[in-house]
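**Student:** Sharing a structure, written as structure tokens. Questions coming.
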Amino acid sequence: MPRTPQTAIERQAKASRVVNESKTLRRAKPTQAFLHSRKWKRIRNFLLLILALELFLLSLNFRTRNNAFIPTETWMNLKAMFIIPFRSLFDNSFDADAVRDSLPYYSETVGRFKLSLIAFLSGVIICVGGTMFQTIFKNPIASPNMLGVATGVSFGNILFILTFGLEAGSHLTARYLYCYSAATVLVLVAFLAGKISGKSMGGFSVEGTILAGMMITQLGSVVMQYYRMQLMDDETGLLELYQMLTSGDLLYQDTASMIIFLSLSTICLLPMILLGYRFNSVAFDDMEMKAMGISNGRMRGLGLIIGSLMATIALVHCGDVGFLCMVIPFMCRDRLQTEFGEVSYLAGMTGGMISLASRIIISVLNAHNMMAPAGVVVTLVLLPLFILTIARRGSVFK
Amino acid sequence: MILELNDLCCGYNGKAIIKDIRVSVGSGDVFCILGENGVGKSTLFKTILKLIPPISGKVNIDGADISGWSAKKLASYCAYVAQSHTPPFPYSVREVIMTGRMGKINAFGRPGKKDEEIVDGLIEEMDLRDYENRPYTELSGGERQLVMIARALAQEPQCLVLDEPTANLDYGNKVLVLNTLQRLANRGMTIIFTTHDPEQALLLNAKTLVLFRGRPPLFGNANSVITEKNLKRAYNARIRVVEVLDEETFQQVRVCIPMLGGEENRT
Amino acid sequence: MAKVRVTAKPKGKNNIELRPSENSQLGDLRREQERHQKVRNSNLAILVAAIVLLVLYAFSVTLFVLPGQSSGTLAGLLMDMREKFTYFLRFISGSGGGFSSNIVRYTIIVLSGAALASAGCVFQGSFRNIIASPSTMGVQAGASLGNTLYTFFFSEVVAGTVVIQSDYEATSNYDVWTLNKQQLCAVAAALISVWIVTGIATLLGKGTFSGGNILFSGIIFSSFVGAINTVFEYYFMYYDPDNTRWRNLQVFSMGSFDKVMNYHHLAMMSIVLVPCLLLLLFISPKLNVIVMGEDEAVTMGVNVRLYRALLISVGTLMAAVVYAFVGAIGFVGFIVPQICRRFTGPDFRKLIPMCMIMGGVLLILVYNLALLFGFSLYMNMVTSVIGCSMMVYSLLAGKGGRSYA
């Protein structure tokens, strides 16, 4: 293509820019160029995956009852767990129960596997959901928690206890109905408030939504405390039951729970993987994106639904681990990347690993007869990391 | 391509802000829109980009009415550079430019080899190689504007629509941006931009549309439209238009100088 | 010069848009006149609010039923009130009776309302953010942490049961530490936690100070404190025979005026609160400048850092003292400034006194309502429900999110 000859003005401008550069800019070093290359990103993602897998296998070796660490035993049981269904499919004379009984701690290993799976997946989806919300609200402090998801879930728990009383333990499936619908209602209220308050400005008001969400959260926590005081006055042990249900020490391993958990997380993660790059558009201005031929509204709607659902799943199945979805995406954005696909992958992996680490800590504590709810452990693990991040990097966000 | 505005009348909620605009610009033209604050420059822009519907009249591109076009089709003709833009997250320059390719990429896809090549080419062309991996939020105003133009170019448009591309820039950066625009126009791209400096229209020898408050707009070549009389009407201030000689290129350049004091300025 | 139409009803914030028919001088004139109108209106509003406060206070002290005496029904309530009134008449005529407990209770309520509301107002002004309030800033979280730590470290165990608070009447020597251990712990923890929150925020902003960062660190700090509290809750639940210590945490988080409150409490509270409130009245005009933005304020010759530090510490101290004695009471510092801004406009010289008065009015009303419905032990819940519904209403009316930048 033909280029116009450089005019004097252009040359001058170039010169002035060179001066500016030497003042403000460090020239990119080759190592930095490598750190920004695609190849390094691929290697890093792969390493993260390996690390997560390692941690997963490690966590399988921590027993919930007594704190033994016998990898060979775990390996035997795991092998059996995957082989038995196949053998019994093709070999009619194969006696599955006998094999199971012959292995020491077989059922416990399966339980541990389920626990680790729940912990890891919950960590992944809640962090991806957190990243989603930060991107949509263009605000590093937005998290599904702020919109009342956590409040909704614990509200569902309280309603569940109040309905079923002491028999609550035997109606665990109904609990999911309560929790999911309560969370949905509260999130819908927050969005409705945002929508209505944004009407005068022509559209959806982010501040309105966050404000309404904060109101709901604060109100919800106070009401919850009231109900807990009422439960405390009740002498029949409802309170212990409630604590057990909400503390998030990963109790839900029955088949129905696992099916609900796995299917919902798959439903949430699929669009995230497929639309990973496209979700970047919601971080930018609507009008610019529309001029590029992309409608942000649909993406945002999808993201909001999936994000809140993700947080709800994690909170229902893994206990109150909401601190994860606020801190991890922030840290990942701050230290590593900004592109949505990358951030959500990194955040998901990091969140999963931290969740697994907390599961290991909880197992160790449990082995010493100490009850420790997952949410508390997660918070205590994360806080030093978070303060370190803040102190090292400072603000990137305006 | 040829962009025509036929008796266009635009505004919000059925209330017309600007009326009777007849404009025709072709490939390689620079089209500049002048007018005081709040007279409806942005509204006109949004109408051209189909972000708000016109009240009456038509916007034609290559003879076809764009009202029936999809946003995607329009995006392959016109790219938009907003006035001020600060993304909340520190995307790197490369990623920001890559978002320009988003409209071309399948919703389920990721940027492929071809997209990377296009972005590489743009980074080379805009001379942004040193900034490539720096966070966009840390750039200075002029550099940001270049990145935004590069992003718009990543759409491979035939027409670039810029909203006050030189607002809040110092002289060096203004010259940088204007030179870039000039170069793009020489390559055959249509440039549409608004500005508060009439002399930019003169420098780029643009086709100029001057919007007045309560008066029909004027359209024509910069040299014929930008006169002291018209500027007085448009900005409600005394502005001298004088010619100076550029001693390096030996060209006559017209410049506008606002005058302070005087009885007429006090309104 | 054309005649300028002055709108009779001033709007929430200054509407600086020029009308199409007028030029800038006319616009200036109109704005000036509207401002005068607003000032006159706001003075009137403050006067009215003060009268309302006095009437309410007198009514509640003389006529309102004490906790535990209410019969629950409306007829019973009226009977109680008549009895109360005869009691009052006997007291006036000098034939016995006394209102000490009612006077103490309602004075504490008025003081707490004034302190919380003006603290919220000061926070909103200093951080230039509408959602800043003692509860979002970490004051409430800090006070609750202090209470938890007190319960853990200083509560005595007498004959197998845990004694939370030493009794005022029983002790003969008035040592401030022995008498007010719990409150002192809470206040100290609240002050330290605000210091931490602002520290994190300053780190976040690399030395500069922004409202968003404060809120961010406040939220982070609150959830951290929540986690610590949960740990202690578990500890208390598993190691205490009869949940006494846990109940203490819950009682704190619910906040009530029905705890044993006597002249000592009132004296301790007013020693801190009254000078703070007076100080706020004197330095509140500086807030008008601070709200404009740091750079503008510095060019106007105001030492922003000094004044902001002073304002924030005074606000924190007031809120912390109230939380320490009464327990957590949410939304007062959040909702009252919002209401008051409707009446007086954004001028802090009017807004601060208005907030103090309206805080008292609101808390008396809420407390009386709570008494009627038997919720007076759960003041936090009542204020939260009221505050939340008002907030949502103002959001739906489209005014909440934007009345402040």
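The values are calculated or read from the model by the stated rules, or taken from the named source; none is laboratory data. Everything numeric in this text was worked out from a predicted model, so none of it was measured. Every residue, glycine among them, receives a Cβ derived from its backbone with ideal geometry; neighbour counts consider all protein chains shown.
**Student:** Can you name every residue in the stretch B:140-187 that is surrounded by fewer than 22 Cβ atoms within 10 Å (Cβ to Cβ), among the acidic types (Asp, Glu) and without any contact (Cβ under 8 Å) to a residue 60 or more places away in the chain?
**Tutor:** B:ASP170
**Student:** Among the residues that make up the stretch C:307-328, is at least one of them crowded, with 20+ Cβ neighbours inside 10 Å, more than 29 Å from C:HIS265 (Cα to Cα) and in the same structural domain as C:LEU278 (by TED's automatic domain parsing)?
**Tutor:** yes
**Student:** Is it true that B:GLU4 is within 14 Å of another protein chain (Cβ to nearest Cβ), out of contact with any helix residue (DSSP H, G or I) (no Cβ under 9 Å at 6 or more places or on another chain) and modelled with pLDDT of 85 or more?
**Tutor:** Answer is no for this residue.
**Student:** Testing B:ALA75 on (1) closer than 20 Å to B:LEU209 by Cα; (2) within 16 Å of the chain's Cα centre (by Cα), one condition comes back false. Which one is that?
**Tutor:** Every condition holds for B:ALA75 apart from (1).
**Student:** Just give me the residues in the stretch A:80-112 being of a type in the set (A, V, I, L, M, F, W, C) and outside any helix (DSSP H, G or I), in sequence order.
**Tutor:** The answer is A:PHE94, A:LEU103.
**Student:** For residues that are among the hydrophobic types (A, V, I, L, M, F, W, C) and within 10 Å of another protein chain (Cβ to nearest Cβ), scanning just the stretch A:313-352, find the one that is farthest from B:MET102 (Cα to Cα).
**Tutor:** Only one residue fits best here, namely A:PHE323.
**Student:** Sticking with this structure for a sec: For A:PHE137, all conditions in the list (1) closer than 20 Å to A:ASP320 by Cβ; (2) within 14 Å of chain B (Cβ to nearest Cβ); (3) modelled with pLDDT under 85 hold save one; what is the number of the exception?
**Tutor:** Condition (1) is where A:PHE137 drops out.
**Student:** Would you be able to tell me the number of residues in the stretch A:276-296 that are within 7 Å of chain B (Cβ to nearest Cβ) and among the β-branched types (Val, Ile, Thr)?
**Tutor:** 1
**Student:** Just one of the numbered conditions (1) farther than 30 Å from A:LEU269 by Cβ; (2) facing another protein chain (nearest Cβ under 8 Å); (3) not in a helix (DSSP H, G or I) is not true of B:LEU169; which one?
**Tutor:** Against the list (1) farther than 30 Å from A:LEU269 by Cβ; (2) facing another protein chain (nearest Cβ under 8 Å); (3) not in a helix (DSSP H, G or I), B:LEU169 comes up short only on (2).
**Student:** Which one is nearest to A:LEU304 (Cα to Cα), of the residues in the stretch A:122-140 that are touching a Phe, Trp or Tyr at 6+ places or on another chain (Cβ under 9 Å) and surrounded by 24 or more Cβ atoms within 10 Å (Cβ to Cβ)?
**Tutor:** Filtering first and then ranking leaves A:MET132.
**Student:** Another question, if that's okay. Scan the stretch B:210-252 for residues that are modelled with pLDDT of 85 or more, over 20 Å from the mean Cα position of the chain (by Cα) and part of a strand (DSSP E or B) and report the count.
**Tutor:** 7
**Student:** Another question, if that's okay. Identify all residues within the stretch C:218-261 that are more than 8 Å from every other protein chain (Cβ to nearest Cβ), within 30 Å of C:SER101 (Cβ to Cβ) and either of a type in the set (Phe, Trp, Tyr) or in contact with a strand residue (DSSP E or B) (Cβ under 9 Å, 6 or more places away or on another chain) (or both); write none if there are none.
**Tutor:** C:ASP242, C:THR244, C:ARG245, C:ASN248, C:PHE252, C:PHE257
**Student:** Let me ask something else about it. Do we have any residue at all in the stretch A:210-230 that's part of a helix (DSSP H, G or I), at pLDDT 70 or above and over 29 Å from C:GLY387 (Cα atoms)?
**Tutor:** no
Conditions (1) away from chain A (no Cβ under 13 Å); (2) surrounded by fewer than 14 Cβ atoms within 10 Å (Cβ to Cβ), marked per residue:
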| residue | (1), (2) |
| --- | --- |
| B:VAL23 | yes, no |
| B:ASP65 | yes, yes |
| B:VAL81 | no, no |
| B:TYR91 | no, no |
| B:VAL96 | no, no |
| B:ASN106 | no, yes |
| B:GLY112 | no, yes |
| B:LEU128 | no, no |
| B:ASN133 | no, no |
